[in-house]
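Asker: Sharing a structure below in structure tokens format, with a few things to ask.
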Amino acid sequence: MDRRSFVIGTAAAASGLAAAPSFAQPAYPTHPITFINPFPPGGAADVVGRPFAAMLEPIIKQPCVIETKAGAAGQVGAQFAAVAKPDGYTLLIHIVSISGFAEVDKLFGRQPKFTRADFTPIARLTAGPMVLVVNDQQPYKTLKDLVEDAKKNPDKLIFSSSGLYGALHLPMALFLKAAGIKMKHLPTNGGGPAVTALLGNNSQVLATSIAAASGQMKAGKLRALACFSDKRASSLPDVPTFKELGYDVEFSLWVGMFAPVKTPAANVNVIREAVRKAANADQFKTAIANIGDEVAYLDQADFAKFWDEDAKRVEAAVHAIGKV
């Protein structure tokens, strides 16, 4: 073959390659999705996230893996998710406290480790009332009993929480301020350990989600004194709200799903649709009802609006606590 023939042949081949159709990328998702749970087992994100992941798997036809990265009242897992590869394969399950961490950092003059702007909200899954509980070793039958004893004996009682400025610390601090009482604080690294501390009488009082305490309340190990909701919880119809008892305190614990902010919109839309189907499935609603919580699904636009409004309440609670 002479040089001229080779050049012509090469050009023809190149032309053919250029004209060949490009291969489309496989449709998302093509492999397992990891959901970061930023709390130890037993907390609200865990008890909601696990049945939800099980419901999502057959819809997306891929395994959904719950990976626990606990620490600092949920900050460790959130920070990990914020810098994860934004491809839709690492998502975050978090709760109301995600809204206050940047404000806490500002309060102490620190550069925020992450902000709400680092995440794309996907959906809110649940939003349940929180409840004030004591363990079965305490004599208190009503909130009035508890408050009267705390006023007579400041710092006698200990309350546990999921960590400083976490979802269980914020409502408790608001209640203590409204009641004008003092208790010692035992921070733990999550809602599950906070309940464990209460059961072991290392603490005597806890503000928690109904979901995280439901089993122990049914077993008689924990006693509910008041709900932080605006109306009585359907799962605890005999437990009054703080507002009924004269305290202007309201706080709810919601669980939502987030993606790193630069996750492709096409992938976010795929997971949004799958999440919508899973959250509205009867099996998921039954699983959540069994733990005393409530499915309160909000799609992306409504969740984003809610998150903006709710974040203002959380930030106000942070400032009400101040530096501790």
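The values are calculated or read from the model by the stated rules, or taken from the named source; none is laboratory data. Given the structure is predicted, the values throughout are model-derived calculations rather than measurements. Note that we place each Cβ from the backbone using ideal geometry, even for glycine, and neighbour counts take in every protein chain shown. Heads up: the accessible areas ignore ligands, DNA and RNA and are worked out on the full protein's heavy atoms, side chains in. Shrake-Rupley method; radii C 1.70, N 1.55, O 1.52, S 1.80 Å.
Asker: Could you check region 56-81 and list, in sequence order, the residues that are touching a residue at least 40 places away in the same chain (Cβ under 8 Å) and either surrounded by fewer than 19 Cβ atoms within 10 Å (Cβ to Cβ) or out of contact with any helix residue (DSSP H, G or I) (no Cβ under 7 Å at 6 or more places or on another chain) (or both)?
Answerer: Hits for region 56-81 are Ile59, Gly71, Ala72, Gly77, Phe80, Ala81.
Asker: Answer yes or no: is there a residue in region 94-107 that is among the aromatic types (Phe, Trp, Tyr) and assigned to a strand (DSSP E or B).
Answerer: no
Asker: Are any residues in region 176-216 in a loop (DSSP other than H, G, I, E, B) and either farther than 26 Å from Val324 by Cα or without any contact (Cβ under 8 Å) to a residue 12 or more places away in the chain (or both), and if so, which ones?
Answerer: Hit for region 176-216 is Gly200, nothing else.
Asker: For region 163-182, state whether one or more residues are in contact with an Asp or Glu (Cβ under 9 Å, 6 or more places away or on another chain), modelled with pLDDT under 95 and among the hydrophobic types (A, V, I, L, M, F, W, C).
Answerer: Among the residues of region 163-182, at least one is in contact with an Asp or Glu (Cβ under 9 Å, 6 or more places away or on another chain), modelled with pLDDT under 95 and among the hydrophobic types (A, V, I, L, M, F, W, C), which makes the answer yes.
Asker: Out of region 202-225, which residues are over 25 Å from Pro38 (Cα atoms) and either in contact with a His (Cβ under 6 Å, 6 or more places away or on another chain) or open to solvent by 50 Å² or more (accessible area, probe 1.4 Å) (or both)?
Answerer: Lys218, Ala219, Lys221, Arg223, listed by residue number.
Asker: Among the numbered criteria (1) in a helix (DSSP H, G or I); (2) surrounded by fewer than 18 Cβ atoms within 10 Å (Cβ to Cβ), which one does Asp238 miss?
Answerer: Tallying (1) in a helix (DSSP H, G or I); (2) surrounded by fewer than 18 Cβ atoms within 10 Å (Cβ to Cβ), Asp238 fails exactly one: (1).
Asker: Count, please, the residues in region 83-114 that happen to be within 18 Å of Phe303 (Cβ to Cβ) and touching a strand residue (DSSP E or B) at 6+ places or on another chain (Cβ under 7 Å).
Answerer: 7
Asker: Something else: State whether one or more residues within region 217-224 are touching a residue at least 40 places away in the same chain (Cβ under 8 Å) and closer than 26 Å to Glu309 by Cβ.
Answerer: For region 217-224, residues touching a residue at least 40 places away in the same chain (Cβ under 8 Å) and closer than 26 Å to Glu309 by Cβ: absent.
Asker: Residue under question is Asp46, and the condition is that it be buried (at least 17 other Cβ atoms within 10 Å of the Cβ) and of a type in the set (Asp, Glu); does it hold?
Answerer: Against the criterion (buried (at least 17 other Cβ atoms within 10 Å of the Cβ) and of a type in the set (Asp, Glu)), Asp46 qualifies.
Asker: Checking Gln138 against (1) closer than 18 Å to Lys177 by Cβ; (2) out of contact with any Phe, Trp or Tyr (no Cβ under 8 Å at 6 or more places or on another chain), which test does it fail?
Answerer: Unmet for Gln138, out of (1) closer than 18 Å to Lys177 by Cβ; (2) out of contact with any Phe, Trp or Tyr (no Cβ under 8 Å at 6 or more places or on another chain): (1).
Asker: It is to be established whether one or more residues within region 117-129 are within 21 Å of Ala279 (Cα to Cα), open to solvent by 10 Å² or more (accessible area, probe 1.4 Å) and of a type in the set (S, T, N, Q).
Answerer: yes
Asker: Mind counting the residues in region 286-321 that are of a type outside the set (A, V, I, L, M, F, W, C) and surrounded by 15 or more Cβ atoms within 10 Å (Cβ to Cβ)?
Answerer: 9
Asker: Now for a different question. Would you mind stating whether Gly109 is small (Gly, Ala, Ser), surrounded by fewer than 18 Cβ atoms within 10 Å (Cβ to Cβ) and without any contact (Cβ under 8 Å) to a residue 60 or more places away in the chain?
Answerer: yes
Asker: Can you tell me how many residues within region 146-175 are of a type outside the set (Lys, Arg) and without any contact (Cβ under 8 Å) to a residue 12 or more places away in the chain?
Answerer: The number of residues fulfilling the criteria is 3.
Asker: Condition first: in contact with a strand residue (DSSP E or B) (Cβ under 8 Å, 6 or more places away or on another chain) and among the polar types (S, T, N, Q). Now tell me which residues in region 181-195 satisfy that.
Answerer: Thr188
Asker: Return the residue satisfying two criteria in turn: it lies in region 170-190 and is open to solvent by 10 Å² or more (accessible area, probe 1.4 Å) and under 25 Å from Val255 (Cα atoms), and of such residues it is farthest from the chain's Cα centre (by Cα).
Answerer: If we take residues in region 170-190 being open to solvent by 10 Å² or more (accessible area, probe 1.4 Å) and under 25 Å from Val255 (Cα atoms), then Leu176 is farthest from the chain's Cα centre (by Cα).
Asker: Scan region 1-54 for residues that are at pLDDT 50 or above and part of a loop (DSSP other than H, G, I, E, B) and report the count.
Answerer: Qualifying residue count, region 1-54: 15.
Asker: Quick check: anything in region 102-112 within 30 Å of Leu222 (Cβ to Cβ) and more than 14 Å from the chain's Cα centre (by Cα)?
Answerer: Yes, there is a match, as at least one residue in region 102-112 is within 30 Å of Leu222 (Cβ to Cβ) and more than 14 Å from the chain's Cα centre (by Cα).
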